[in-house]
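Step one of this worksheet: look at the structure below.
What follows draws every value from the coordinates through simple rules; no lab data is involved. Predicted model, so just to flag it, every value in this text is computed and none were measured. Note: ideal-geometry Cβ built from the backbone for every residue, glycine included; neighbour counts use all protein chains shown.
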Amino acid sequence: MIKRIDGVKGNKINILTHPDDMMRTVIKDINLARKNIEMVFYIWYPGGWANQVAEVLIKAAHRGIQCRLILDSAGSNNFFRSIHVKMMRGAGIKIVEALHVNILRMFFRRMDVRQHRKMILIDNRIGYTGSMNMIDPKYFKKNSGVGQWIDIMIRIEGPVVSTMRIIFSCDWEIETGEKIFFVPDRINTINKSKYNYKTHIIPSGPGYSEGFMQQILLTAIYSARKKIVITTPYLVPSDDLLRAICTAAQRGVLVCIIIPKLNDSILVRWASRAFFSELLHSGVIIYQFETGLLHTKSILVDNQLSLVGTANLDMRIHYYNETN
């Protein structure tokens, strides 16, 4: 018998839309940490706010906080070549270079499989996830000509954070062989009458059911009755997703897709435009964001369901990369 897994209620969720607000909030939570801090990012790029986060992590480690970091080898290449690695490890911070990139390994492992998650966990009670890497937009790819990257992050307090910790623990064991056992001191349920919406944490990657994230997106799009709003930096949908989006528009659902006008990948930019004709012909409205590289990945369905995370609307991310 297959049982339906319901979402978790009683979580307090704050949406952070400005990088300065995001980093100040993260730094404040790190300074108040009492037991452990875990982070996993595709990109950690030195400079600005990222350096300040490194400094407060070092201070946290010095006062006895257990700090663990998983950073993708390819995405965080600049970090692993910087002085910050030695300083942080010297303070006792455990840093794992996930899916290590080198010439020999390319013959035994897919090099396009990446650790694409973006998560921060503090004391098993506070969690962050969303589209933002550990970067300061004022420093990251500033010569690319696309403007600053525009992201959002979700700060969560409540019982669903335990699910995020389990995902991190699995990733950590895969990379290190070390098991992380934890029992939350208390499942902090925030006022259920005030925060009565359901929250899911949905992981994907090679270790999970194939195409699971694709199934989630298809279910959300096919369930729409009135309106769908999609934001994505990389619009290269699979045939199934393209068909679902076009079918929604054809049956009278208002479908709006917001993508950046300029993109850091020329190939992706032109690949996205290959889908414009079919989407527009089906009645989909496409907006081009002009004040920076819109890196936010989100879907809003009928103002009732919201999907926010690290997965782009392209074919590769849903089958190969680890996202949430």
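For residue 296, the amide hydrogen comes within under 5 Å of the amide hydrogens of 150, counting only partners 5 or more places away or on other chains and with H modelled in the peptide plane. Only Lys, Arg, Asp and Glu carry charge here, each on its Cβ (+1 for the first two, -1 for the last two); on that basis the chain has a dipole of about 620 debye about its Cα centre. Computed from point charges on the beta carbon alone (+1 for Lys and Arg, -1 for Asp and Glu), the dipole magnitude for the stretch 1-93 about its Cα centre is near 380 Debye. The stretch 1-78 and the stretch 223-292 have Cα centres lying 31 Å from one another. The packing ranking, built from the mean of other Cβ atoms within 10 Å per residue, places the peptides 276-285, 17-26, 117-126, 164-173 in the order 117-126, 164-173, 17-26, 276-285, highest first. Per-residue ellipticity at 222 nm from helix content only, as computed over the chain with -39500 (n - 2.57) for each DSSP H run of at least four residues, stands at -9000 deg cm²/dmol.
When the chain is treated as a GNM, springs tying every alpha-carbon pair under 10 Å, which of 261, 28, 194 comes out with the largest mean-square fluctuation? Sorting by GNM fluctuation, first place goes to 194. Each of the peptides 239-245, 140-146 was scored by the mean count of other Cβ atoms within 10 Å over its residues; in descending order, highest first, they stand as 239-245, 140-146. Total lysine pairs in the stretch 12-176 at Cα distances under 17 Å, for residues eight or more apart or on different chains: 6. Straightening the chain between residue 266 and residue 209 buys 17.4 nm, computed as 0.36 nm per residue apart minus the Cα-Cα spacing. Positive end of the dipole of the chain (Cβ unit charges, origin at the Cα centre): among 307, 122, 145, the Cα lying farthest that way belongs to 122. Of all DSSP bridge pairs formed entirely within the chain, close to 50 percent run antiparallel.
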